[in-house]
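The values are calculated or read from the model by the stated rules, or taken from the named source; none is laboratory data. Every value quoted in this text rests on a predicted model; they were computed, and no experiment measured them. Positions of Cβ are generated from backbone atoms using ideal geometry, with glycine treated the same way; all protein chains shown enter the neighbour counts. Heavy atoms of the whole protein, side chains included, go into the accessibility calculation; ligands, DNA and RNA do not. Shrake-Rupley method; radii C 1.70, N 1.55, O 1.52, S 1.80 Å.
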Amino acid sequence: MNDAPTLEAMIREFARGVRTLLHGFGLWRTRPGLMLLGLIPAVIAVLLLAAALIPLVIGMPSVSAWLTPFAEGWLEPWRGLLRAAVGFVVVAAALALASVVFSALTLTIGDPFYQRIWHAVEVDLGEAPPADGGSFWTTIGEGMRLVVLGILIAILVLLIGLLPAVGGFLGPVAGVLLTGRLLARELTGRAFDARDLSPADRAALFSGSRARVLGFGVATQLCFLIPGGAVAVMPAAVAGSTVLARDMLARPLGATAPHPTTPPPPTSSETP
């Protein structure tokens, strides 16, 4: 019997991943003060990244011209179209990297705040792990790994984007998919660290929930691309990733069939 998930099942799982991010916003209702604290590190990280991205966008015509010296003798509008497409791809790669760096910076700067958000969701869902979600130095190490992987993704997006004809479309799409998957894996790390899961166990959990993880990550990444969205969404993404991790843990290791999703965190009146 073939246990491979069908396309319909994968679409349902992807949609459940998107809804998991929406569940994270439910914590604004029960713990608004805690979620407001989670905005502070996100604002700091956005300001730092804006200082690097704004000059890049302003200087994009010069960057595009530097990357395409062979088009100097081309007639308009072909030279302009080529350089506009190259500039678009460079910006897409920069945004993919910026999303990853933003997450690494925000999680590191706001570790005490996000630790409390994670713990609040764990308590609301019941049977919270006795350990915390990893030390400050663990957060720094994971942040550095996230940045390195983000650089590799940005390079790959840039190379895909330079493919003739299809690159301008495939590059940004690849950036959203790869960065979203990476963000989802990173954000769920706190819940898995608290349970001291081995790399093999984590790989098995992700293998059994690929579509749901991707749905959560893509939804988070698309929100990050909206102006101001990264700041507003980050606390909800931390809360939602905890729900996602609990969903994955409720599924037998290696299972691929869809299982009922973990319900959203209960209201504060339902919490013991």
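Ordering Leu163, Leu21, Leu197, Leu75 by accessible area with a probe of 1.4 Å, largest first, what comes out?
Working: Leu163 85, Leu21 5, Leu197 35, Leu75 135 Å².
Ranked from most to least accessible, the order is Leu75, Leu163, Leu197, Leu21.
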Original post:
Dipole magnitude of region 137-259 about its Cα centre, charges +1 at Lys/Arg Cβ and -1 at Asp/Glu Cβ only, in debye to the nearest 20?
Top reply: 180
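For the chain, report the accessible area per residue in Å² (1.4 Å probe, heavy atoms, rounded to an integer).
Working: 13370 Å² over 272 residues.
The answer is 49 Å² per residue.
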Original post:
If only Cα atoms are counted, what is the Rg of region 1-150, and what is its Dmax, in Å?
Top reply: 21.6, 67
**OP:** Extending each Cα 7 Å along its Cβ direction at Leu81 and Leu177, get the distance between those two points in nm, one decimal.
**Re:** 2.6
Original post:
Roughly what angle does helix 229-249 make with the longest principal axis of the chain, taking Cα atoms, 0 to 90 degrees, to the nearest 10?
Top reply: 50
**OP:** Could you order peptides 84-90, 186-192, 235-241 by the average number of other Cβ atoms within 10 Å of their residues, highest first?
**Re:** 235-241, 186-192, 84-90
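Report, to the nearest whole %, how much of the accessible area of the chain belongs to carbon and sulfur atoms, 1.4 Å probe, protein only. Before the final figure, lay out the partial values.
Values: 9790 of 13370 Å².
Looking at the chain in its full context, I get 73 percent from C and S.
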Subject >> Helix 136-161 vs. the chain, principal-axis angle (Cα, 0 to 90°, nearest 10) >> reply: 40
**OP:** Give me the angle, in degrees from 0 to 90, between the Cα long axis of helix 111-125 and the longest principal axis of the Cα atoms of the chain, rounded to the nearest 10.
**Re:** 50
**OP:** Kindly write out, for region 38-55 in residue order, the coupling ³J(HN,Hα) from the Karplus curve 6.51 cos²θ - 1.76 cosθ + 1.60 (θ = phi - 60°), rounded to whole Hz, with x marking Gly and Pro.
**Re:** x, 6, 4, x, 5, 5, 4, 5, 5, 4, 5, 6, 4, 5, 9, 7, 4, x
Subject >> Global size of the chain as Cα Rg and Dmax, reported in angstrom >> reply: 20.1, 72
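Using Cα pairs under 8 angstrom and six or more residues apart, how large is the relative contact order of region 163-232, in percent?
Numbers: 35 pairs, mean separation 31.8, N = 70.
Once normalised by length, the contact order is 45 percent.
Mind ranking 108-119, 209-220 by how tightly packed they are, going by the mean number of other C-beta atoms within 10 angstrom, highest first?
Values: 108-119: 20.8, 209-220: 25.0.
In descending order of packing, they fall as 209-220, 108-119.
Determine the relative contact order of the chain: mean sequence separation of Cα pairs under 8 Å and six or more apart, normalised by residue count, in whole percent. Before the final figure, lay out each step's value.
Working: 361 pairs, mean separation 96.9, N = 272.
Relative contact order of the chain: 36 percent.
Ignoring ligands, DNA and RNA, how do Glu76, Glu13, Glu127 rank by accessible area with a 1.4 Å probe, largest first?
Numbers: Glu76 110, Glu13 10, Glu127 175 Å².
Of Glu76, Glu13, Glu127, the descending order of accessible area is Glu127, Glu76, Glu13.
Taking square-rooted eigenvalues a ≥ b ≥ c of the alpha carbon gyration tensor, is region 171-234 rounded, prolate or oblate, where a/c under 1.5 means rounded and, failing that, a/b exceeding b/c means prolate?
Working: a/c = 3.01, a/b = 1.65, b/c = 1.83.
The shape class here is oblate.
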**OP:** State whether region 1-85 is rounded, prolate or oblate according to the following rule on the C-alpha gyration tensor (a ≥ b ≥ c being the square roots of its eigenvalues): a/c under 1.5 gives rounded; otherwise a/b larger than b/c gives prolate, and the remaining case gives oblate.
**Re:** oblate
